[in-house]
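The values are calculated or read from the model by the stated rules, or taken from the named source; none is laboratory data. Everything quoted here is computed from the prediction, not taken from an experiment. Here the Cβ is made from the backbone with ideal geometry for all residues, glycine too, and neighbour counts use every protein chain on show. What goes into the accessible areas is simple: the full protein's heavy atoms, side chains included, and nothing from ligands, DNA or RNA. Shrake-Rupley method; radii C 1.70, N 1.55, O 1.52, S 1.80 Å.
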Amino acid sequence: MPKTLEPQVSRDPVRGAAPEGATDKDSAARAVREMFTAIAPRYDRLNHLLSANVDKLWWRRTARTFTAILSRPNAQVLDLCCGTGDMTFALRREGPQAHITGADFSHAMLVRASAKSADVRLVRWIEADALQLPFPDQSFDLITSAFGFRNLADYDAGLREVYRILRPGGQFGILEFSEPKGLLGTFYKFYFKSVLPRIGRMISGSKAYSYLPASVERFPSPAEMLERIMAAGFHGPSWTPYTFGVAGLFRGEK
């Protein structure tokens with residue numbers, strides 16, 4: 001069940017992603033793009049390996065959450081920061097009649113996504129910056145983002161852009177990693193900060209998997225994120241934990 005959490009905004013709110021060496025929004029965005037371009041060829045294999053394929057369950061669960069919208073004929077759906085398209089394809093399976101667009105600012109990721117689609121008519125792929133999307137106001141009935149939103153250089157600007165292109169009554173879902181508490185949290189932090197980066201670096205040859213735990217730690221807590229969602233103008237925001245809080249789904253309605 002979705003959880004309603006007490007507001008808990010930090011005294012010094014984080015603006016957005018901050019990869020090592022980034023000094024401003026532009027350099028942060030550039031560093032993230034270069035990082036994901038570098039790991040694109042091994043991205044899917046590494047993600048499935050490092051998550052023990054649990055990520056596939058999360059995508060399916062998220063897509064099923066929005067069955068009511070996806071089942072509408074001609075529903076307009078955007079998967080933002082779509083990467084290689086796994087969330088996008090989960091939406092397609094749940095909504096065979098919906099018009100689905102996958103958008104990402106990494107060309108290399110979109111090339112991989114397109115190659116995974118046997119029928120190019122299934123999804124429209126667009127290379128675009130999530131903070132400056134090339135869509136008119138009120139274009140979509142549903143917007144999702146799976147494990148990409150925390151990489152934005154400005155979280156609040158990203159929420160405002162989602163709000164702008166959603167239709168009245170439209171919904172969004174942001175699936176992101178979280179930090180579980182208790183004994184599981186202790187194990188999780190050890191794996192996430194010590195084991196995962198080593199395996200990722202060994203297979204990919206990139207520092208991207210060292211950036212991953214840092215970006216999750218930097219991302220706003222569920223309570224703070226709900227405050228930001230409300231501040232962007234959305235109604236009824238909620239957060240549903242997945243797999244004991246390792247990940248979770250933020251929802252909101254325009």
**Report entry** Residues that are modelled with pLDDT of 50 or more and either open to solvent by 50 Å² or more (accessible area, probe 1.4 Å) or among the hydrophobic types (A, V, I, L, M, F, W, C) (or both), drawn from the stretch 6-21
**Finding:** 12, 13, 14, 15, 17, 18, 20, 21
Query raised in the report: Can we say residue 104 is modelled with pLDDT of 95 or more, surrounded by fewer than 24 Cβ atoms within 10 Å (Cβ to Cβ) and of a type in the set (Asp, Glu)?
Result: no
Query - Residue that is most open to solvent (accessible area, probe 1.4 Å) [pool: residues in the stretch 30-59 that are at pLDDT 80 or above and either aromatic (Phe, Trp, Tyr) or over 23 Å from residue 192 (Cα atoms) (or both)] - result: 30
Query raised in the report: Picking from 84, 144, which residue would you name as being farther than 17 Å from residue 44 by Cα, in contact with a strand residue (DSSP E or B) (Cβ under 9 Å, 6 or more places away or on another chain) and hydroxyl-bearing (Ser, Thr, Tyr)?
Result: 144
Query raised in the report: Hey, residue 152 hits all of (1) touching a Cys at 6+ places or on another chain (Cβ under 8 Å); (2) at pLDDT below 95 but one; which does it fall short on?
Result: (2)
Query raised in the report: Condition test on residue 217, is it closer than 25 Å to residue 43 by Cβ, charged (D, E, K, R) and either modelled with pLDDT of 85 or more or surrounded by fewer than 18 Cβ atoms within 10 Å (Cβ to Cβ) (or both)?
Result: yes
Query raised in the report: Of all residues in the stretch 116-145, which are among the aromatic types (Phe, Trp, Tyr) and assigned to a loop (DSSP other than H, G, I, E, B)?
Result: 135
Requested in this report: Return the total of residues in the stretch 189-202 being open to solvent by 20 Å² or more (accessible area, probe 1.4 Å) and either closer than 28 Å to residue 41 by Cβ or within 18 Å of the chain's Cα centre (by Cα) (or both).
Outcome: 8
Report task. Could you grab me the full set of residues in the stretch 41-55 that are part of a helix (DSSP H, G or I) and over 19 Å from residue 123 (Cα atoms)? Result -> 41, 42, 43, 45, 46, 47, 48, 49, 50, 51, 54, 55
